Amino acid sequence: MAEETMGMACSLSEATSPLPKDPVPGMAYVPYQQWSGDLHPAERALDAGTLFPILDKPFYGRRGELR
């Protein structure tokens with residue numbers, strides 16, 4: 001009897017998935033970027049991780065403090 005209830009109480013044999021059973025597809029909107037012509041110098045681009053100044057955004061950590 002204990003063996004029957006053990007199998008019913010916890011079904012560890014079934015794998016759980018992090019995704020829902022019936023996922024709904026999503027749509028993304030990415031606006032076109034306007035070419036402005038001004039670019040970071042090579043040293044600054046390597047430091048910032050981007051060549052384009054418009055994409056150079058500072059990272060604010062917790063509570064809006066610079067890290």
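FYI, it's all coordinate maths here, none of it is from the lab. Not measured: the values here are computed from a predicted model. Because the Cβ atoms are built from the backbone with ideal geometry, glycine has one as well, and the counts that use them run over all protein chains shown.
Counting charges near Pro53 (Lys, Arg +1; Asp, Glu -1) among other residues having Cβ under 15 Å from its Cβ returns a value of -2. Given their separation in residues at 0.36 nm each and the Cα-Cα distance between them, Met27 and Phe52 gain 6.4 nm when the chain is fully extended.
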